[in-house]
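**Q** The following block contains the structure, expressed as structure tokens.
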Amino acid sequence: MEKTKKSYFTAKNITYLAVLLALVIVLQIWGGSIKIGATSLSFVLVPIVLGGVLLGIAAGAILGFVFGFIVLMYGITGADAFTALLFNAHPVITSFLCLVKGAAAGAVAGLLYKLISRKNKYVAVFVASAAAPVVNTGLFIIGALFMGDFISQTFVPDGQSLMYFLVIGCAGINFIVEFAINILLSPAIFTVNNVLEKQLRHSAGEKSYKENSSEKTDTE
């Protein structure tokens with residue numbers, strides 16, 4: 001167990017996680033200003049997927065949790081009107097939903113990559129990239145159903161069903177944009193993954209060579 005912890009919490013892994021964490025924060029806070037018409041382009045799931053692919057399930061979950069925490073803070077402070085209304089009406093459900101859906105998106109991306117990469121790494125990256133927005137949006141819809149009465153009374157137009165509002169009116173465009181961005185950037189994620197893996201193997205080989213050389217010198 002101790003050996004596994006040492007191999008994971010290396011300087012390189014911590015550095016990669018710190019960089020990806022910074023990207024999540026920056027993209028979530030300022031990413032909403034990048035728009036096509038009225039639709040915001042959300043790139044925040046990209047570093048979350050990259051963390052799950054490069055560093056594993058735990059890293060993906062941590063990055064997703066931070067993303068959800070920022071969304072929750074926006075709701076608590078009133079910076080995001082929709083989340084603020086949900087939080088004021090259902091603080092526990094909203095808090096749980098924000099934190100869990102982001103963490104789950106990162107964890108599932110990391111898990112799927114781990115399972116599929118044994119056969120095909122490119123397909124694994126593609127599936128992980130597609131899974132993140134599906135999990136993120138899917139859990140949002142499920143969580144919103146627990147606040148159905150409030151959402152129906154506050155947001156749903158007369159004559160429209162709650163499910164239609166959540167799937168089409170609320171999550172629809174955002175989901176399509178998030179899904180498209182992740183799918184289009186999958187090749188880039190795959191390339192970054194390959195480059196960093198080669199660097200890690202090269203560094204590990206150099207370290208092993210130095211250790212072997214040191215042992216031979218001590219023996220002589």
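**Q** Out of the residues in region 83-100 that are in contact with a helix residue (DSSP H, G or I) (Cβ under 8 Å, 6 or more places away or on another chain) and farther than 13 Å from Phe146 by Cβ, state the one that is surrounded by the most Cβ atoms within 10 Å (Cβ to Cβ).
**A** Per the criteria, the residue is Cys98.
**Q** Also: Exactly one condition in (1) at pLDDT 90 or above; (2) under 20 Å from Val195 (Cα atoms) is false for Ile14; which is it?
**A** Only one criterion is unmet by Ile14, namely (1).
**Q** Out of all the residues in region 151-171, is one or more under 22 Å from Gly51 (Cα atoms) and touching a helix residue (DSSP H, G or I) at 6+ places or on another chain (Cβ under 6 Å)?
**A** no
**Q** What single numbered condition from (1) of a type in the set (D, E, K, R); (2) in a helix (DSSP H, G or I); (3) at pLDDT 90 or above fails to hold for Arg118?
**A** (2)
**Q** May I pose another question? Say we look at region 20-49 and pick out the residues that are surrounded by fewer than 13 Cβ atoms within 10 Å (Cβ to Cβ) and part of a helix (DSSP H, G or I); which of these is modelled with the lowest pLDDT?
**A** Out of the qualifying residues, it is Ser33.
**Q** Which of the following residues is surrounded by fewer than 18 Cβ atoms within 10 Å (Cβ to Cβ), of a type outside the set (S, T, N, Q) and out of contact with any Cys (no Cβ under 9 Å at 6 or more places or on another chain): Val134, Val108?
**A** Val134
**Q** Where in region 134-220 are the helices (runs of 4 or more DSSP H), entirely inside, with at least 3 residues that are closer than 19 Å to Phe82 by Cβ and at pLDDT 90 or above?
**A** It comes to 148-154.
The values are calculated or read from the model by the stated rules, or taken from the named source; none is laboratory data. Since the structure is predicted, the reported quantities are computational estimates derived from the model, not experimental observations. Neighbour counts are summed over all protein chains in view; Cβ atoms, including those assigned to glycine, are modelled from backbone coordinates with ideal geometry.
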